[in-house]
Amino acid sequence: MRVAVLLCVCALAAPLCAAAQTPAPVPLWQAPTPAEGAILTVVAGVPLDFTLSAGTPEPATVVHVAGSGLPQGATLTSTDGNPGTAEFLWTPTSAQVGDHAVAFTASASGVSEAITRTIAIRVTPEPAVRLSVGNVSRSAVVLRPVYARAQPSAGAAIVTRVGTRTEEYAPNMVLALESIHDARGTLWVRVRLSILPNNSTGWVPRSALGPLRARTTRLVIDRTFFTAILFRDGRAVFRTRIGVGRADWPTPRGEFYVRELLTNFGDPFYGPAAFGTSAKSPVPTGYFAGAFIGIHGTNAPELIPGQISHGCIRLQNAAILRLVKLMPLGTPVTIR
């Protein structure tokens with residue numbers, strides 16, 4: 001009898017022993033975890049944030065999510081449980097542009113086997129910010145002498161040296177087109193340059209410039225119809241007939257800007273006032289700072305309109321005085 005009872009007890013205990021030895025299930029990744037091999041693209045300077053989650057069918061199991069190979073500056077905040085979760089947060093810098101592979105592991109209590117997931121993060125350069133677009137342009141005074149470079153990098157080729165004074169010793173000004181950070185985090189600004197060939201641009205450190213001042217004016221010079229039209233917010237507010245360069249001293253085409261305003265000339269040739277622009281004559285003239293294209297009055301108003309100058313744009317004296325009141329420094333100038 002005693003043997004039979006013992007056999008019966010063992011028979012009842014066997015299923016319980018087997019159940020106790022059944023291993024807990026391996027955790028599985030679940031939404032919103034990015035897929036295996038996913039490539040997440042982020043722009044430098046923009047935060048990247050995503051969540052990983054893994055769990056098992058066994059409620060008592062505790063799952064932990066960890067990461068390895070995290071990029072510098074990235075954080076992974078894990079919350080254990082079932083499911084276990086982790087939040088990845090990273091704001092890459094311009095110096096971290098490129099591809100980064102990050103491995104994540106989910107492990108469960110009582111289970112020796114873990115699961116991994118590798119996710120690729122592609123950091124792209126931040127786009128340049130346009131500073132002069134549409135009816136709005138921005139200009140700034142040059143605070144210190146600086147080299148303008150072909151690319152936004154201290155190691156790029158030098159285009160020209162930009163000084164703090166114009167050829168007429170007025171404070172130098174540049175028209176800002178766009179800005180971008182380099183790999184070291186330095187902010188660069190692409191500016192129009194007052195050099196030949198006309199329409200040249202270069203990159204200067206933002207630190208070399210004063211405050212950016214917004215303008216909504218634009219002067220359009222038409223060499224064919226001998227007209228100058230000043231627009232404000234896209235609306236014409238001033239129009240006059242002009243004289244332009246002769247065939248052998250042409251007024252250059254292109255996109256320029258007003259750099260300076262000069263008054264009180266002793267020579268009536270220039271009239272009562274003259275704007276200096278960033279445009280230069282491709283032919284040496286000996287006039288207006290040696291070759292720069294000015295917008296000024298005249299002592300021969302009867303010659304306007306026509307091809308009458310060494311490249312400068314001539315206005316009636318009354319017209320230039322009115323333009324002085326309407327057109328601020330930094331105004332873009334389109335010559336066509």
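Quick one: which strands (runs of 3 or more DSSP E) lie wholly within the range 186-283 and hold at least 2 residues that are within 19 Å of Val324 (Cα to Cα), under 34 Å from the mean Cα position of the chain (by Cα) and in contact (Cβ under 8 Å) with a residue 40 or more places away in the chain?
213-215, 217-222, 227-232, 235-241, 254-263, 273-280
Please go through the range 62-96 and give me each residue that is within 25 Å of Gly110 (Cβ to Cβ), without any contact (Cβ under 8 Å) to a residue 24 or more places away in the chain and among the β-branched types (Val, Ile, Thr), ordered by number. Scanning the range 62-96 gives Thr77, Thr79. Listed conditions (1) β-branched (Val, Ile, Thr); (2) farther than 30 Å from Gln96 by Cα; (3) touching a Lys or Arg at 6+ places or on another chain (Cβ under 9 Å) are all met by Ile180, apart from (2).
Quickly run through the range 162-185 and pick out the residues that are more than 21 Å from Thr334 (Cα to Cα) and not in a strand (DSSP E or B).
Gly163, Thr164, Glu167, Glu168, Tyr169, Ala170, Asp182, Ala183, Arg184, Gly185
Does Gly67 fit the bill of being surrounded by 11 or more Cβ atoms within 10 Å (Cβ to Cβ) and modelled with pLDDT of 85 or more? Yes, satisfied.
So, in the range 113-158, of the ones that are over 30 Å from Pro34 (Cβ atoms) and of a type in the set (Lys, Arg), which residue ends up modelled with the lowest pLDDT? Restricting to residues being over 30 Å from Pro34 (Cβ atoms) and of a type in the set (Lys, Arg), the top hit is Arg130. Is it the case, given these coordinates, that Pro328 is outside any helix (DSSP H, G or I), within 38 Å of the chain's Cα centre (by Cα) and either in the same structural domain as Leu175 (by TED's automatic domain parsing) or at pLDDT below 95 (or both)? So Pro328 does not fit the description; no. Screening Gly37 with (1) at positive phi; (2) modelled with pLDDT of 95 or more gives one miss only, at (2). Restricting the search to the range 31-54, which residues are surrounded by 14 or more Cβ atoms within 10 Å (Cβ to Cβ) and under 16 Å from Gly67 (Cβ atoms)? Those that are surrounded by 14 or more Cβ atoms within 10 Å (Cβ to Cβ) and under 16 Å from Gly67 (Cβ atoms): Thr33, Pro34, Leu40, Leu48, Phe50, Thr51, Leu52, Ser53, Ala54. Of all the residues in the range 118-145, those that are within 30 Å of Thr105 (Cα to Cα) and not in a loop (DSSP other than H, G, I, E, B) number 7.
The values are calculated or read from the model by the stated rules, or taken from the named source; none is laboratory data. Being a predicted model, the structure only gives us computed values, none of them experimental. FYI the Cβ positions are ideal-geometry reconstructions off the backbone, even for glycines, and counts take in every protein chain you see.
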